[in-house]
1. Among VAL164, VAL210, VAL110, whose mean-square fluctuation peaks in a Gaussian network model of the chain (Cα, cutoff 10 Å)?
2. Would you list MET111, MET282, MET55 from the most to the least accessible area, probe 1.4 Å?
3. Compute the helix-to-body angle for 84-98: its Cα long axis versus the longest principal axis of the chain, expressed 0 to 90° and rounded to tens.
4. Heavy atoms only, probe 1.4 Å: what % of the accessible area of the chain goes to carbon and sulfur, would you let me know?
5. Quick one: if you stick a label point 7 Å off each Cα along the C-beta vector at ARG275 and ARG301, how many nm between them?
6. Leaving ligands and nucleic acids out of the surface, order VAL309, VAL48 by accessible area at 1.4 Å, largest first.
7. Which value, in Å², gives the accessible area per residue of the chain when a 1.4 Å probe is used on the protein heavy atoms?
8. Using all C-alpha to C-alpha distances in the chain, build P(r) with 10 Å bins and read off the rounded percent in each one.
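The values are calculated or read from the model by the stated rules, or taken from the named source; none is laboratory data. Keep in mind that what you see is a predicted model, and the values were worked out from it rather than measured. Positions of Cβ are generated from backbone atoms using ideal geometry, with glycine treated the same way; all protein chains shown enter the neighbour counts. Note: accessible area is taken over every heavy atom of the protein model, side chains too, but ligands, DNA and RNA are not part of it. Shrake-Rupley method; radii C 1.70, N 1.55, O 1.52, S 1.80 Å.
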Amino acid sequence: MGCLHLRADIIGLKHGGNVEEIKRNISLEEGVKWFDLSSAVNKEPWSVPVVDTQMWAELPDLYDLTQAAAQYYGRDNSMALSGTQQAIEWLPVLLPQISQYLSAQNSINVMLPSIGYQEHADAWKKWGYKVLYYSTLEELLSSSWDIAVVINPNNPTTDLTTSVERDALVKLSDEKHKFVILDEAFIDPTAHHSVLTCAFDLGWPEGLIVLRSVGKFFGLAGARVGFCFASKSILNAMQQVIGPWPISTVSAYLTTCALQDITWQKQAIDSLKRRRYLFEEMIQPLLSKWFVLLGGQGEWRSSTLFFSVFLERHVAEKAFELLQKKVSISV
């Protein structure tokens, strides 16, 4: 599997993937091998080939990448970004400028999952939005809001929206002039659950925004490439603020190759299934016993790309501390 999450948010950390920062703050002897349990990036990434050094001297032409993305995702209304994080940062600025409904509001309510990627909440808060939280999609659908963020599947809860819930969200967005942002960074291994597979009778809904990433399933987090699927008005506004070259020539080339590599994609899905089985059979029981020795029970949840374990605060803090040391876990 891609990772194990130890609910870092409840002990003061925003998200995983920052192993180098942690290593700089911990004194261990040279040569200690670290294993990142905090990030849902595929640990068996797409194999990066040698690239022509001439690419480093050329400005990026994103035509081939755009064509590959349309083929892979089954939609052509997207633009490539420097990771989905770029869209997360800019949407709070852009949406009121392109929506008469939002621009007329004195206060704009944004609803986010109570547990989820915290950069979403930070992006809206720093621009002065009123941020509210929901626990379930049913709660979201029955609440009053102007903009909703749905993480599908959610990291770390692993919650996945149903087709009925997705249809209800899109309908609500269309009829009530609301915006729905679906962050689908972890959905590639189960792409049939993506809203991109939905058929829209009247064309792409004006208020629907979908974010996809090559960082998780393909394991190319360092390439910093993501895609934003949206209406023409939103994409045009996004293009104006990010400029003509959002990603590098090399990243564009490598991402194009990865999106076209159907053989690897099938092998990766099979590999995730095998690693999932091994984790459930060998690692999960060991860690569960260890958590008991630390004084608590772990509640396990799983998605295709990662496992999450929810622990009492004192157990999570102790586990987090011990896992940053050179120790052997034996039970």
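1. The residue that fluctuates most here is VAL164.
2. Working: MET111 10, MET282 120, MET55 35 Å².
I get MET282, MET55, MET111, largest accessible area first.
3. 30 degrees
4. On the way: 8620 of 16750 Å².
Using a 1.4 Å probe with all protein chains present, the chain comes out at 51 percent carbon and sulfur.
5. Modelled inter-label distance: 2.1 nm.
6. Numbers: VAL309 0, VAL48 80 Å².
Per-residue accessible area, sorted high to low, gives VAL48, VAL309.
7. On the way: 16750 Å² over 331 residues.
Ligands and nucleic acids excluded, the figure is 51 Å² per residue.
8. Once binned at 10 Å, the Cα pair distances of the chain give 5, 24, 32, 25, 12, 2, 0.
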